[in-house]
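The values are calculated or read from the model by the stated rules, or taken from the named source; none is laboratory data. Predicted, not measured: the structure shown is a model, and the values here were computed from it. Positions of Cβ are generated from backbone atoms using ideal geometry, with glycine treated the same way; all protein chains shown enter the neighbour counts.
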Number of protein chains: 2
Amino acid sequence: MNRNYDTEILSVGTELLLGHVTNTDARDVSEMLSKIGVNVKYHTVVGDNPQRLRQCVEVAKGRADILITTGGLGPTCDDLTKQILAEAFGLPLVPVQAELDTMYDYIKGGKKLTPNNFTQALLPEGATVFHNLWGTAPGCAFEKDGKIVIMMPGPPKECCPMFEKYAIPYLRKLSDEQIVSHSVHIFGMGESTVDDLFREEMNTMVNPTMAPYAKECDCLLQVTAKARTEAEAEEMIRPVLEHVRARLGDLVYGIDVSCIEEAVLPLLKERGMSFAAAESCTGGDVARRFTDIPGASAVFLGGAVTYTNEAKARLLGIDPALIEEKGAVSYEVAKAMAERVRALTGADIGVGVTGLAGPDGDGVHEVGTVFISMAVEGRTYVKETHMGAWRTRSFVRRMAGNYVYDMMRRYLTGLPVL
Amino acid sequence: MNRNYDTEILSVGTELLLGHVTNTDARDVSEMLSKIGVNVKYHTVVGDNPQRLRQCVEVAKGRADILITTGGLGPTCDDLTKQILAEAFGLPLVPVQAELDTMYDYIKGGKKLTPNNFTQALLPEGATVFHNLWGTAPGCAFEKDGKIVIMMPGPPKECCPMFEKYAIPYLRKLSDEQIVSHSVHIFGMGESTVDDLFREEMNTMVNPTMAPYAKECDCLLQVTAKARTEAEAEEMIRPVLEHVRARLGDLVYGIDVSCIEEAVLPLLKERGMSFAAAESCTGGDVARRFTDIPGASAVFLGGAVTYTNEAKARLLGIDPALIEEKGAVSYEVAKAMAERVRALTGADIGVGVTGLAGPDGDGVHEVGTVFISMAVEGRTYVKETHMGAWRTRSFVRRMAGNYVYDMMRRYLTGLPVL
């Protein structure tokens, strides 16, 4: 952007105020905007109430240059975003032929539409129409009174792809400056340490800039540059990324990935290697996380969720005497889990997790004690971790999974595993 | 409440505006408030910027009776909620001895504190202090200028338990009317059908009231009553719940549960029965969901994630010829999965899931085709579902899990399973 456009995201929907749904639209849209250098300054949520929506639009007009709405574009009488926004900017709603045609096509295709569906084809005069390929309600954008208004449907599976496909290019076109941003993902060092390590750079750098952010169980550094062209911005970012990588070394697990398992998938593919998992305290979460990624079946064979001692014996063939002697949460059982799941499935890599996610302990170990194991050709690695008894069950489970994937990453890239 | 207090939740944190974290505090606090009849009218998110925070506080003072802040109570210089709120209501910040004592105890316990930590013991004069048992920054509440202000720390694992422990009773005390609310959870009927079915009641009932809400893969009806005492409100709700149950019959899977697996856990416990799962397209999510619940190990033995044909053969011992002949996504393979995992683990119930979660198809079935199976003593049930090719991967995986748990629920409560 040539100048800093202050941006407000206004989400409309009573279900958000009742706590029945989380406002993931605001997060996802914010993330996309921050990558192109648009500064989101406010999120607001208001219910399906004309008077309060009108008042929120007035507040937003007074403090933001770009107003992005999500929700309230559907066909029911609750959905009033379009009417109120058009009114607030003095624009009439006019029928858009292409959208009407889409409605007729739906009917021809046997879909039942209500008369209200046709109100979806009404849009503010002169607006750029964003055709909805993921649902029925179109979005749109217009400029008026020095403000830019963008309206998006509420369902996340419509809002997010539409925002990426239409709104991001629309906003990029407003500028003759290009913004490029890359995130450096770090596991094994906390946000505050990263912050300390790069304090000087962060305080002195102007373009590119660098900023650390904490995620649930890891953190990231966002590096952003502005330039006349994308290539130029990339060129400015390159040495900064190199500097960061040099300082952090093997703690960096990926650039622009959304999670550590996403960084592991291509490593396995490149090497033509497969893996399988034996899980106790993570209860299937290691497998679930990996199979959330489309295409996981190319390298993930499967695994066993052995939540009880008996299941460890029956599904994995671990000697009950070993479990009896060493305990289910132990170096030895973790080792056996990785080795057995590898042998059973024929995978190149077998991983194992056994530990205490809490809230209850086992009388021997502290909650947060987890053994992570990885069996590969000729060797099995076991790591003992103590996350701290104050950790929540969900933290321990997620963190244990991160350790598993980090161990695989280190092995696959030839780094010291332990 | 005696009257309707309009409430605004103001969340403070730049990380929310950058899309690095989702505002789950606003959702969780809203959900708790809606259960005691407090009307949340606005959510606002603002960054760690004094000027903009001050302006948001002014807006909130103008339109809300109760202002709840989350975030910005920590010891770093970014955290300014307390200072700005105290200033906006003309209250000095004063040291609270009990909180200072806690800081000294931390130091005695060997924890390192920065001088900034001590600013956490400064609170608005006259405020009710909410001691933080889950972290270091205390919360507080005060009444001034006809407004009620409640401040909570930002981390969800501190904010949510503190809000429940301190803020909810604080708000209940403001009223001599009690609000009771129960949610009826429904699987197998969409929100719009539920809406149609109870349209008349919803339009005519005043106290109690009834409202439907959609969740990702199921829906709920919220029934709320106000009365002088809690017992009286419960008494008013009882016949409504009976009426809803009579209309919806076995589609109701639970009252006040957060998900269907949470309804299945006590049913298994009561009957002293165990289960195990064999998962293909859900990739461990059925196991993960169940083991998210503390205490799951009492009834969940474990299972196999057999993401590939080979894993189905190797881990579960399913005949490769059967997979070859019928295909991995088939009635026969689903049946074998449930039966084999039951036999292998010795569980009372074995469940199986095999299907296409997408985005890629297998050239035979449409994406969204899933076979769900359940093997019990003497019988195996198999259900074929077609969720529709337009469904997302995450929807198909979640919905398939719901089918699994619903099948178990029906079996355990003596309902027709298919």
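Of note:
- Scanning region A:138-148 turns up no residue that is surrounded by fewer than 22 Cβ atoms within 10 Å (Cβ to Cβ) and assigned to a helix (DSSP H, G or I).
- Residues that are surrounded by fewer than 22 Cβ atoms within 10 Å (Cβ to Cβ) and over 23 Å from A:C219 (Cβ atoms) within region B:1-33 comprise B:M1, B:N2, B:R3, B:N4, B:Y5, B:D6, B:D28, B:E31, B:M32, listed in sequence order.
- Residues being in a loop (DSSP other than H, G, I, E, B) and either of a type in the set (S, T, N, Q) or not assigned by TED's automatic domain parsing to the domain that holds B:Y307 (or both) - total across region B:383-398: 1
- Selection count, region B:178-201, where residues are modelled with pLDDT under 85 and surrounded by 15 or more Cβ atoms within 10 Å (Cβ to Cβ): 4
- Meets criteria (modelled with pLDDT of 95 or more, hydrophobic (A, V, I, L, M, F, W, C) and surrounded by fewer than 21 Cβ atoms within 10 Å (Cβ to Cβ)) for B:A321: yes
- Region A:259-344 holds helices (runs of 4 or more DSSP H) entirely within its bounds, and those carrying 2 or more residues that are within 22 Å of the chain's Cα centre (by Cα) and at the interface with chain B (Cβ under 8 Å from one of its Cβ atoms) map to A:285-291.
- Lone unmet requirement of (1) among the β-branched types (V, I, T); (2) more than 30 Å from the chain's Cα centre (by Cα); (3) at pLDDT 95 or above; (4) not in a strand (DSSP E or B) for B:T380: (4)
- Which numbered condition A:T229 fails, given (1) in contact (Cβ under 8 Å) with a residue 12 or more places away in the chain; (2) of a type in the set (S, T, N, Q); (3) within 30 Å of A:M408 (Cβ to Cβ): (3)
- All of B:M210, B:M152, B:M236 fail the test of being under 21 Å from the mean Cα position of the chain (by Cα) and more than 26 Å from A:G74 (Cα to Cα), apart from B:M152.
- Counting only helices (runs of 4 or more DSSP H) that fall entirely inside region A:1-72 and contain at least 3 residues that are at the interface with chain B (Cβ under 7 Å from one of its Cβ atoms), in contact with a His (Cβ under 9 Å, 6 or more places away or on another chain) and modelled with pLDDT of 90 or more, the qualifying elements are A:24-35.
- Meets criteria (out of contact with any helix residue (DSSP H, G or I) (no Cβ under 7 Å at 6 or more places or on another chain), outside the structural domain of B:T306 (by TED's automatic domain parsing) and of a type in the set (D, E, K, R)) for B:R247: no
- A:D406 fulfils the conditions (1) without any contact (Cβ under 8 Å) to a residue 60 or more places away in the chain; (2) out of contact with any Pro (no Cβ under 7 Å at 6 or more places or on another chain); (3) not in a strand (DSSP E or B) except for a single criterion, (1).
- Evaluation of A:P169 against (1) surrounded by 16 or more Cβ atoms within 10 Å (Cβ to Cβ); (2) assigned by TED's automatic domain parsing to the domain that holds A:V29; (3) more than 26 Å from B:N23 (Cβ to Cβ); (4) of a type outside the set (G, A, S) (one fails), failing number: (1)
- Of the residues making up region B:345-372, those that are without any contact (Cβ under 8 Å) to a residue 60 or more places away in the chain, under 30 Å from the mean Cα position of the chain (by Cα) and part of a loop (DSSP other than H, G, I, E, B) number 4.
- Selection count where residues are under 22 Å from the mean Cα position of the chain (by Cα) and aromatic (F, W, Y), scope region A:383-414: 3
- Extreme residue, farthest from A:N4 (Cα to Cα), among residues of region A:221-245 that are within 14 Å of chain B (Cβ to nearest Cβ) and modelled with pLDDT of 90 or more: A:L221
- Residues located in region A:205-218, provided they are hydroxyl-bearing (S, T, Y) and either under 15 Å from A:M236 (Cβ atoms) or in contact with a Gly (Cβ under 9 Å, 6 or more places away or on another chain) (or both): A:T209
- Scanning region A:37-57 for residues being farther than 13 Å from A:T69 by Cβ and of a type outside the set (K, R) gives a total of 9.
- Every condition in (1) within 13 Å of another protein chain (Cβ to nearest Cβ); (2) surrounded by 23 or more Cβ atoms within 10 Å (Cβ to Cβ); (3) among the hydrophobic types (A, V, I, L, M, F, W, C); (4) in contact with a Phe, Trp or Tyr (Cβ under 7 Å, 6 or more places away or on another chain) holds for B:F371 except the one numbered (1).
- If the condition is being under 14 Å from B:G352 (Cα atoms) and either more than 14 Å from chain A (Cβ to nearest Cβ) or surrounded by fewer than 23 Cβ atoms within 10 Å (Cβ to Cβ) (or both), then region B:385-397 contributes only B:T385.
- Yes/no for A:V129 being of a type in the set (A, V, I, L, M) and within 14 Å of chain B (Cβ to nearest Cβ): no
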